[in-house]
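Heads up: the structure comes next, in structure tokens.
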Amino acid sequence: MPQALATKPTSKPTKPVSANAIPKTMTALVKPAARPGLELREVPVPQIGPRDVLVKVETTSVCGTDLHIYKWDEWAQNRIKPPLGLGHEFAGAVVKVGADCEQAKVGDFVSAESHFTCGNCFECRTGDGHLCEKTVIIGVDCDGAFAQYVRVPERNLWLNDRAKITPEIATLQEPFGNAVHLTSIHNLASQSVAVFGCGPVGLFTIAIAKASGASGIFASDINDYRLNLAKKMGATKVFNAKNGDQADWFIKANEGFPVDISLEVSGAPAAIRDAFKIVRMGGKVTLFGIPSKPVELDIAQSIIFKGITTYGVIGRKIFETWYRTRWLLESGTVDLNPLITHRFPLGEYEKAFQLLASGEAGKIILYPNGKPK
């Protein structure tokens, strides 16, 4: 039984959608071939299996992973098999339910866990499904949500309450969950926290640290636009790593002392090394950013002799993280609205990707079925 759907009913059920109202084809944003760029195409509406649902996508947001695929960089070339429909962060309404689904209903307002796990391996059966080696990621390994409709296994659905969360914020639960996971392993109250990288997950992390009562939140990036967003989300002090010794700055910013907790979200090799360098003896380092190549690190000096606790984060704990995410957002403890900096219809995807590539954006929302009036 899908836990996520069992938590609460949808607040405003909508009228059932007639099968005749679902078109045969739809507009989707596709990586058509092994080259840079994307295309808008008219493609068939996905066919669902007996344990799947069809969701009409109301909102979707652009992720750094999507930008990698757009650029067709080395990671994308080694992972993506075109043609592929992109997009893994979304919210919308269920319009069709498979014959063997147990709880999903037409009209449900949903988001989804983007990692489709096998459910049968050791990790899945012992509460670590986010580590499943057979994971299929929507918009990466199968067609995604930069489209008018998307197919989702019922067990991956997350039921939202329209009275408490907007479609735009509901869409952000998937990436926000990464930040919830990487912060929830620490007690951040009264702790000094360093955040390396002020992309969306780094900015989410700053907001959570602020809400958790961190004594100081120090953030670095190489983009002033994002550093300004970091201050808006609650960073105590910020630093552009282009302007000097990043490690030295963090310690000076913390009144001359190493920090209690380092959260590395950028994946930059220098930042990874500095995350260990600036943390106190017995401190904690959490790694989320993915470097483009192997990073050389002095394990003895950086970890062993300092007694450091290190934790690597991938995705969200399924579905533990989602429950924490729901509370943080529905309670108003964390407000993500300041990070939604741009909104476009799906057809203006080029503007969205160019903005994201420039670093002059926070989270960008796309509307595959048109922006609501």
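Each reported figure results from applying straightforward, stated rules to the coordinates on display, with no laboratory input. Every value quoted in this text rests on a predicted model; they were computed, and no experiment measured them. Cβ coordinates were reconstructed from backbone atoms using ideal geometry, including for glycine residues, and neighbour counts include every protein chain displayed.
Relative contact order, whole percent, for the range 186-312 stands at 22, derived from Cα pairs under 8 Å and 6 or more residues apart.
For the range 186-312, the equivalent ellipsoid derived from the Cα gyration tensor has semi-axes of 20, 17, 13 Å, listed largest first.
In nm², what is the average projected area of the convex hull enclosing the Cα atoms of the range 138-260? Taking a quarter of the hull surface, the average projection is 9.9 nm². Taking every C-alpha pair closer than 8 Å and separated by at least 6 residues, the mean separation divided by the residue count of the range 84-123 gives a relative contact order of 39 percent.
Give me the percent of DSSP beta bridges within the chain that run antiparallel, rounded to the nearest 5. Just about 55 percent of them are antiparallel.
Over the chain, Cα pairs under 8 Å with separation of 6+ residues give a relative contact order of 17 percent. Relative to its Kirkwood radius, the Cα radius of gyration of the range 8-148 gives an Rg/Rh of 0.99. Placing unit charges on the Cβ atoms only, positive for Lys and Arg and negative for Asp and Glu, gives the chain a dipole magnitude near 660 debye about its Cα centre.
The value for the range 92-166 of Rg(Cα) / (2.2 N^0.38 Å) is 1.19. For the chain, set up a GNM with springs between Cα atoms under 10 Å and report which of 223, 160, 243 has the largest fluctuation. Comparing 223, 160, 243 in the GNM, the peak value goes to 243.
Given the range 239-321, what whole percent of its Cα pairs are spread farther than 21 Å? Counting every Cα pair in the range 239-321, those more than 21 Å apart make up 30 percent. The C-alpha atoms of the chain occupy a region whose extents along the principal axes are 67, 41, 41 Å, arranged from largest to smallest.
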